[in-house]
Structure formats: C-alpha cells, structure tokens
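All remarks here apply to the structure that follows.
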Amino acid sequence: MASTTPTETPPEPPAASRRAASTGRVGDKVFLGLSRGSGILLLAIMASIAVFLGYRAALAISENEGNFLTTFDWNPAGDPPVFGIAVLLFGTVVSSVIAMAIAVPVAVGIALFISHYAPRRIAAPLAYVVDLLAAVPSIIYGIWGALFLVPYLGGLNLWLDEYLGWTYVFDKTEAGVARSLFTVGILLAIMILPIVTSVSREVFLQVPRMNEEAALALGATRWEVIRMSVLPFGRSGVISASMLGLGRALGETMAVATVLSPSFVISLHILDPGGGTFAQNIAAKFDEANQFGRDALIASGLVLFVLTLLVNGAARLIIARRKEYSGANA
C-alpha cells in the first residue's frame with residue numbers, strides 16, 4: 001500500500017511584506033492618478049487659453065474694417081476700426097530667423113568646445129557662466145541693447161551696406177540709429193544663446209563613450225569623431241534646443257520694445273529703422289487701448305499662440321521622420 005505524504009502548504013508571507021505590497025499598489029494608483037491628472041490639467045489649460053483667445057479675437061475681427069492678415073495699419077480706436085497683423089508677423093518671423101541664424105551655430109560650437117575640447121578646469125567655469133546668462137532678466141538685455149548695442153552697431157551697418165548692399169537685404173536706405181530688425185535679431189541671438197548652448201551641451205555629454213573610442217581606434221581625427229559620432233547622436237537634442245530658443249525669440253517682449261523703433265511698414269531692408277513684432281506691439285499698446293483695442297491685441301496674441309504651436313509641431317515632425325533623430329538606434 002503506497003504511503004501518502006501530506007501536501008505542504010507554502011508559508012504565508014510575513015505581515016511586513018504584505019503591508020509593503022499593499023502600500024506599493026496604493027502608491028502606484030496614486031502616482032497614476034497624479035500623472036494622469038497632470039496631463040489632463042495641462043490639456044485643459046491649453047484649451048482654456050485657446051478658447052479665451054479665440055473668443056476675444058472673434059469679437060475684434062468681426063468689427064474690423066480691414067483685412068486682419070494683410071492690413072499694414074493698426075488703428076482699432078479709429079472710426080471705423082482698421083487693424084492687421086501683416087507688419088507684426090513679418091517682423092516677428094524676420095527677427096527670429098536672424099536670431100536663429102546667428103545663435104544656433106555659435107551655441108553648437110560653444111557646446112562642443114565645453115564638452116569635447118576644453119580642459120575640465122576651464123569647461124566647468126565656462127559652463128557655469130553660460131548657464132548664468134540664461135538667468136539675466138529680459139529688461140536688462142533690453143537696457144544693454146539700447147545703451148550699448150544700438151550705438152555701436154552703426155559701424156557694422158555701414159560696413160554691411162558698403163560691401164553687402166548689393167544683396168538688397170543689407171542695403172541701408174534710411175539714415176538713423178540702428179533700431180532695426182537686424183539689431184533686434186542680434187539681441188535675441190544673445191538672449192537665446194545660453195538656452196541652446198546648455199541643452200546642446202548636455203546632449204553631447206550623453207554620447208556613448210564607446211562610440212568615440214571606437215572611432216579614435218580606427219584612426220579618426222577629433223573632428224571626424226564629432227562629425228560621425230557626436231553630431232548624429234545629438235541631432236535631436238540640438239533641434240529641441242533650437243526650438244526652445246525660437247520659442248523665446250518669438251515671444252520676447254521687453255528687450256524688443258526697448259530696442260526697436262516701431263513702425264507699420266514692411267521693408268526687406270533689415271538695416272533700416274522700423275518694423276514691429278507681436279509681443280512688442282502688445283506691450284506698447286495694451287495700457288492705452290480701450291476694450292475693443294485690447295480685443296484686437298488679443299487677436300494678434302492668438303496668431304502668436306498658433307505660430308508657436310506650429311513651430312513646435314514642426315520640430316516634432318522633423319525629429320519623428322527619422323528614427324536616428326529620436327535616439328531609437330542609440
């Protein structure tokens with residue numbers, strides 16, 4: 001007769017383990033709820049901003065006697081009211097493009113120098129100084145631009161007019177101080193330089209060391225290592241950093257208002273005084289505007305809001321088009 005052995009029951013986990021597991025499940029639920037609520041809250045805030053801007057803009061545009069997109073004048077207090085964003089859109093885009101064309105190459109160069117060329121005793125203080133520049137208030141940049149940059153850019157403007165005036169863009173047709181979109185672009189480039197540099201530097205520091213060592217082992221020079229290993233790996237980070245800088249350039253207010261001599265004229269001569277941007281126009285006219293005038297300014301703010309969303313959306317599409325941009329192959 002076969003003997004039967006009693007089935008052994010597994011020992012129960014200690015009470016401390018059960019409590020820890022229960023606490024972990026509660027913590028997971030709380031974290032899930034908080035993260036989900038944060039995402040929903042962000043979407044709700046964005047939607048509320050869009051609804052507010054759209055409603056107030058519709059009130060103003062419905063009574064506008066001019067074409068909101070093509071009119072060069074801004075007179076919402078007139079009878080009848082006439083206003084348009086053509087000059088503001090042109091000035092915002094041109095000044096931001098100038099800023100990006102100057103800032104991004106310089107920022108990438110500084111980031112590469114700090115991360116791959118400079119000795120550690122120099123790289124750390126230099127990185128600290130660059131990060132410190134990002135904390136300088138906009139009004140300080142504006143005062144410095146108005147009192148230092150504007151007077152001393154006159155010589156550069158004359159040089160560009162003499163040697164590059166044949167390009168039409170650098171042809172200076174009006175006399176006066178350098179309160180132009182070109183000056184605004186240079187000031188914005190200085191302001192966004194720390195942002196682009198800091199983000200790009202951190203991305204370049206994340207390049208796998210083995211990739212660089214393998215390239216050096218194959219006989220690559222320092223520049224070839226950067227070109228083949230560092231820049232491809234950090235491309236998405238540089239694009240993201242550039243979009244952060246472009247976002248600040250598009251919406252910069254006080255520095256632009258301090259430096260620019262506004263006028264509602266579109267001119268491709270970027271050295272001539274005049275022009276305007278969305279943020280500068282809102283800051284300059286908001287206090288003196290009546291209720292309808294403020295609705296008109298809010299309508300221009302809606303365009304800036306949409307422009308910023310389009311820029312960020314385009315950046316995400318550029319990154320997503322190729323897998324190596326997103327780091328999927330890293």
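The values are calculated or read from the model by the stated rules, or taken from the named source; none is laboratory data. Everything numeric in this text was worked out from a predicted model, so none of it was measured. No Cβ is skipped: glycine too gets one built from the backbone with ideal geometry, and neighbour counts run over all protein chains shown. We work out accessible area using only protein heavy atoms, side chains counted, and drop any ligands, DNA or RNA first. Shrake-Rupley method; radii C 1.70, N 1.55, O 1.52, S 1.80 Å.
Observations on the model:
- Counting heavy atoms of the protein chains alone, ASP171 has an accessible area of about 50 Å² for a 1.4 Å probe.
- Here the extension length gained between VAL177 and ALA58 equals 39.0 nm, from 0.36 nm per residue of separation less the Cα-Cα distance.
- Selection among LEU271, GLY247, LEU147 by position relative to the dipole of the chain gives GLY247 as farthest towards the positive end (Cβ unit charges, Cα centre).
- Environment charge of PRO80, counting only residues whose C-beta is closer than 11 Å and scoring Lys/Arg +1, Asp/Glu -1: -3
- Packing-based ranking, highest mean first, of 188-196, 99-107 given that Cβ atoms within 10 Å are counted: 188-196, 99-107
- Area accessible to solvent at MET210, 1.4 Å probe radius, in Å²: 150
- Peptides 243-252, 295-304, 145-154 ordered by average Cβ neighbours within 10 Å, highest first: 295-304, 243-252, 145-154
- Shape class of the range 201-330 from the Cα gyration tensor (axes a ≥ b ≥ c, square roots of the eigenvalues): prolate, since a/c reaches 1.5 or more and a/b is larger than b/c.
- For the chain, hydrophobic long helices are taken as DSSP H runs at least 24 Å long by C-alpha position along their axis with mean Kyte-Doolittle hydropathy of 0.5 or more; these are 15-61, 86-112, 181-204, 231-251, 291-321.
- Cut-off 14 Å between beta-carbons: net charge of the residues surrounding SER240, Lys and Arg +1, Asp and Glu -1: +3
- Local electrostatic count, ILE195, Cβ distance below 15 Å [Lys/Arg +1, Asp/Glu -1]: -1
- Computed Kirkwood radius, in angstrom, where 1/r is averaged over Cα pairs of the range 91-290: 18.4
- Ligands, DNA and RNA left out, the 1.4 Å accessible surface of the chain is 67% carbon and sulfur atoms.
- Taking amide H as placed 1.01 Å from N in the peptide plane, the amide H of ASN75 sits under 5 Å from that of VAL82, PHE83, GLY84, each at least 5 places away or on another chain.
- For the chain: relative contact order, % (alpha-carbon pairs under 8 angstrom, 6 or more apart): 25
- The calculated 222 nm mean residue ellipticity attributable to helices in the chain amounts to -21500 deg cm²/dmol, summing -39500 (n - 2.57) over DSSP H runs of n ≥ 4 and dividing by all residues.
- Probe 1.4 Å, protein heavy atoms only - accessible area per residue of the range 91-290 in square angstrom: 49
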